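Okay, structure first, notes after.
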Amino acid sequence: MSLAVQIRQHGGPEELHLVDVPVGEPGPGEVRIRHHAIGLNFIDVYHRTGLYPLGMPATIGMEGAGVIEAVGEGVTHLQVGDRAAYASNPPGAYSEARVMPAKCVCKLPDAISFETGAAMMLKGLTAQYLLKKTLPVEGLQPGDHVLFHAAAGGVGLIATQWAKALGLQLIATAGSDAKCQLALANGAAHAINYQQEDFAARVKEITGGKGVKVVYDSVGKDTWDKSLECLRPFGLMASFGNASGPVPPFAPGSLGAKGSLYVTRQTLFTHIATRESTQAMADDLFAVVASGQVKIHIDQRYPLAEVQQAHRDLEARKTTGSTILTLS
């Protein structure tokens, strides 16, 4: 048996219940992992509320780190006793132990702690595919401006540091002066408090009226229209989240009028659909973290039993950097 956080119906944080669940043995292509730390992400909120519906009852959570306890038939890249970390479907990370598909579980380098592993996999792999794979048609070169919303969050602080390492001029947005300072301290070239400034006007000012080649946006509804105004001709609007709610329908013709713009909606799980792609992306992430160019900021820790409060704080934008759930 394992303690796990389940929801019996979609709703608010009060729907998160700590229960005992059976774990069982891994089948072909599966492993059993005992968690040492669990990552908290906005996708967990989407699963809880039903924006991304799940069958009930459901254990949520997409990210964790721990030790492999058992290995199913056909799994060759992991062994019992290995330190491991993952970002993976199906949900189920909010637990002491779980059986799960092995293909997205990666050996965790000894130099990276369990807490760091749990805090960095989903967010770090997201930053990796955004900066390395989700590129404007004209590409990105050192010195180019990019706009990154929610830059003081978990994905944002990783992406901000990584963008600096790539030579990019990252323009950060955040909802307070303190969060803007945090983004600047982590490599942002500029930071805009969107609560006090018109970020589209400020982006045009920073770029000498040209706009940016790409906007990376996990906020959604509240930032969509003005983000399109920030793009230069042939620019890319890269949506990867809905923190303020889903983007409403829009007329594709408007993209032509604004400069023949491109729009894409990305999700990590397309990028890590195979064992090979998952490992290649993880190796890139592990290398940039081990080099010190990207530091993982764990700014909040909650015991698993306090998961309701963790969700309340995340939704209220009270968190910065990464958040983990801990197991005693």
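Filter segment 298-328 down to the residues that are part of a loop (DSSP other than H, G, I, E, B), hydroxyl-bearing (S, T, Y) and over 16 Å from the mean Cα position of the chain (by Cα) and list them by number.
Within segment 298-328, the subset part of a loop (DSSP other than H, G, I, E, B) is 316-320, 327-328.
Checking the rest, the ones that are also hydroxyl-bearing (S, T, Y) come to 319-320, 328.
Within segment 298-328, S328 is the sole residue that qualifies.
Select from segment 120-156 the residues that are touching a residue at least 40 places away in the same chain (Cβ under 8 Å), of a type in the set (S, T, N, Q) and out of contact with any Ser or Thr (no Cβ under 8 Å at 6 or more places or on another chain) and write down the one among them that is nearest to D44 (Cα to Cα). Out of the qualifying residues, it is T126.
Among the residues making up segment 249-277, a single one is out of contact with any helix residue (DSSP H, G or I) (no Cβ under 8 Å at 6 or more places or on another chain), among the hydroxyl-bearing types (S, T, Y) and more than 28 Å from K226 (Cβ to Cβ): T274.
Restricted to segment 233-259, and to residues that are part of a strand (DSSP E or B) and buried (at least 19 other Cβ atoms within 10 Å of the Cβ), which residue is nearest to the chain's Cα centre (by Cα)?
Residue satisfying both the conditions and the ranking: S239.
Mind telling me which of the residues S227, S244, S277 ends up being more than 30 Å from A84 (Cβ to Cβ), without any contact (Cβ under 8 Å) to a residue 60 or more places away in the chain and among the hydroxyl-bearing types (S, T, Y)? Only one candidate passes the filter, namely S244. A single member of A189, A185 is within 20 Å of K318 (Cβ to Cβ), surrounded by fewer than 24 Cβ atoms within 10 Å (Cβ to Cβ) and hydrophobic (A, V, I, L, M, F, W, C), and it is A185.
Of all residues being of a type in the set (S, T, Y) and outside any loop (DSSP other than H, G, I, E, B) in segment 31-66, which is modelled with the lowest pLDDT? Just the residue, please. Once the filter is applied, the top-ranked residue is Y46. One residue stands out in segment 268-297 among those that are exposed (fewer than 15 other Cβ atoms within 10 Å of the Cβ) and of a type in the set (V, I, T): the one that is farthest from the chain's Cα centre (by Cα), namely T274.
The values are calculated or read from the model by the stated rules, or taken from the named source; none is laboratory data. Predicted model, so just to flag it, every value in this text is computed and none were measured. Note: ideal-geometry Cβ built from the backbone for every residue, glycine included; neighbour counts use all protein chains shown.
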